[in-house]
Amino acid sequence: MNGFRERFARFMIGRYGMDRFGQFLNAAALVFIAAGFFSRSRLLDTAGLVLLILCYFRMFSRNIGKRFEENQKFERIRFRFSETIRKWRFRFQQSREFHIYQCPSCRQKIRIPRGKGKISIHCPKCGNDFIKKS
Ligand SMILES: [Zn+2]
């Protein structure tokens, strides 16, 4: 067992190894293969296999600079994606807790907490008062 680990460690010298993009490819491959298994779809199966091969190809690759660059690109996309999700979630929470009203005279947007019944709103910009149901 130890011999195998040692040989594997020697084999991996100078090779790229695992990164976040590799983990993502590996996870995506497993999802595709599982989906292919349950739906008996050859297409999903094959897509999973291709992703798995790509994952191993990157792991054993000696072109470390190129693989590092790919991972950087992946991280940028992942960051943009998670930021978009975060923004959506924030907007959704806000829309559940607050109403956005517009001042009828100056069009200033005013954020009012929901569920307070009929309230008088004082516009901070032009000083106009108006009544709305929150
Ligand atoms: Zn106003």
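The values are calculated or read from the model by the stated rules, or taken from the named source; none is laboratory data. What you are looking at is a predicted structure, and each value in this text was computed from that prediction instead of being measured. For neighbour counting, all protein chains shown are included, and Cβ atoms are generated from backbone atoms with ideal geometry for every residue, glycine included.
General observations
- No other residue among ILE131, ILE121, ILE100 is in contact with a Ser or Thr (Cβ under 7 Å, 6 or more places away or on another chain) and more than 30 Å from ASP19 (Cα to Cα) apart from ILE131.
- With respect to being within 16 Å of the ligand (Cβ to nearest atom) and exposed (fewer than 10 other Cβ atoms within 10 Å of the Cβ), ILE119 falls outside the description.
- Screening GLY65 with (1) at pLDDT 95 or above; (2) surrounded by 10 or more Cβ atoms within 10 Å (Cβ to Cβ); (3) more than 16 Å from the ligand (Cβ to nearest atom) gives one miss only, at (2).
- For the stretch 34-62, filtered to residues that are under 22 Å from PHE11 (Cα atoms) and not aliphatic (A, V, I, L, M), the residue that is surrounded by the fewest Cβ atoms within 10 Å (Cβ to Cβ) is ARG62.
- Residue match in the stretch 89-105 (condition: more than 13 Å from the ligand (Cβ to nearest atom), assigned to a strand (DSSP E or B) and β-branched (Val, Ile, Thr)): yes
- Filter result for ARG86 (of a type in the set (Lys, Arg), within 16 Å of the ligand (Cβ to nearest atom) and out of contact with any strand residue (DSSP E or B) (no Cβ under 9 Å at 6 or more places or on another chain)): no
- LYS132 vs. criteria part of a strand (DSSP E or B), within 16 Å of the ligand (Cβ to nearest atom) and more than 30 Å from ARG7 (Cβ to Cβ): yes
- CYS126 fulfils the conditions (1) of a type outside the set (Phe, Trp, Tyr); (2) within 16 Å of the ligand (Cβ to nearest atom); (3) in contact with a His (Cβ under 7 Å, 6 or more places away or on another chain) except for a single criterion, (3).
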